DNA sequence: GCTTATATCGTAAGGATTACTAATTATTCT
DNA sequence: AGAATAATTAGTAATCCTTACGATATAAGC
């Protein structure tokens, strides 16, 4: 099924309407799935096709998408919230690799934590509904370029 | 060795001085290790013993501690940065359990990710220097109290 | 078609963090 | 010890991101 149609149905299921503004925002997110866009970036991109759209609408729509578990609001330490499309099952977030040198943010779609979640349930009496796993480090290909220094810790990870 | 002494040496090693203000802040962090304090909370606590301390000094000191890898700045979604003491080796962060019902934040000190880090290195050519692993879910003991709803997704996780 | 609810727009208000200047404290050199 | 230099702090102003608000516009129900 078309992803926009799918999302439209999820809106309807919760008595929300997929207005033209909301649809434009959703399309921007789908078209830039790899990019972990910030509110401002979404705003800029969607304004090309929809010049009259207001910034507050972007904030509200992203909050709505978050509530519907279509996206996940995240903070990678650059001072702005970023939004990441969830997997189709809307269950778990994928993992991230964040390079200290080049700054690249790569996604790992596999879920590597099923075993650990079972362990958490067993040992801590805690049933996991979601997780977040980020790795910081350096790509081997970036290693030779040297490290920019140890300032990355200042970021809110 | 005394932890304050140890930290003092780390300051000296980087040509920073452990001033009375900085030491007071460090002591507050050590005394409230489990609590993931925010800047404002540190400020309030340290002012009891050190009424003339300024808020900006708290911000600067925590940034400094972050640079020295003594603490880790984190964002758990409540709009403020929180600071978490690193393990003694200053290498890796511990993991967190965050309950959707009671809001409790528990730490898991074991490092469960060594194998996954090896896998990342092998499959992605990425050598991990640090990680972040948070589990969201509910304690079995909280389950019977019911869930507050699905608004937790609005938080920046 | 009129009424009611929902969504948008633009901007004002809020809150957390950073930037900045003057004052204070420590260090170095003679 | 005393002057000069450097490091640190205090207090507040400025900045930036986000939320709140009132008015307008759009859609839904009868």
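None of the figures in this text is laboratory data; all of them are computed from the coordinates on show. Not measured: the values here are computed from a predicted model. Positions of Cβ are backbone-derived with ideal geometry, glycine not excepted, and every protein chain shown enters the neighbour counts.
Each other copy holds its own label point for residue B:2; taking that point as 7 Å from Cα along Cα to Cβ, the gaps run 7.1 nm, nearest first. Of all beta bridges that DSSP places with both ends in chain A, some 70 percent have antiparallel geometry. What is segment B:95-151 by shape, rounded, prolate or oblate, if you read a ≥ b ≥ c off the alpha carbon gyration tensor as root eigenvalues and call it rounded for a/c under 1.5, prolate for a/b larger than b/c, and oblate otherwise? Prolate shape, in that a/c is at least 1.5 and a/b is the bigger ratio.
Look at the Cα gyration tensor of the protein assembly as shown: its axes a ≥ b ≥ c give a/c of at least 1.5 with a/b over b/c, and that counts as prolate. From the alpha carbon centroid of segment A:42-60 to that of segment B:49-75 is 37 Å. To the nearest ten degrees, helix A:114-124 and the longest principal axis of the Cα atoms of chain A are 80 degrees apart. Each helix, a run of at least 4 DSSP H residues, gives -39500 (n - 2.57); summed and divided by the residues of the protein assembly as shown, these come to -11500 deg cm²/dmol at 222 nm. Modelled label positions at residue A:30 and residue B:121, each set 7 Å beyond Cα in the direction of Cβ, lie 4.1 nm from each other.
Between residue A:6 and residue B:104, the modelled labels are 3.7 nm apart [label points 7 Å from Cα along Cα→Cβ]. Of all DSSP beta bridges confined to segment A:95-152, the antiparallel ones make up roughly 50%. Per q in 0.10, 0.13, 0.17 1/Å, what log10 I(q)/I(0) does a Debye calculation on the alpha-carbon atoms of chain B return? With no solvent term, the Cα-only Debye profile gives -0.45, -0.73, -1.09.
Take segment B:3-85, drop everything but the C-alpha atoms, weight them equally and run the Debye formula without solvent; then report log10 I(q)/I(0) at 0.15, 0.20, 0.23 Å⁻¹ to two decimals. With one equal scatterer per Cα and no solvent, log10 I(q)/I(0) is -0.48, -0.86, -1.15. One decimal place: the segment residue B:144-residue B:111 gains 8.8 nm when fully extended, by the rule 0.36 nm per residue minus the C-alpha distance.
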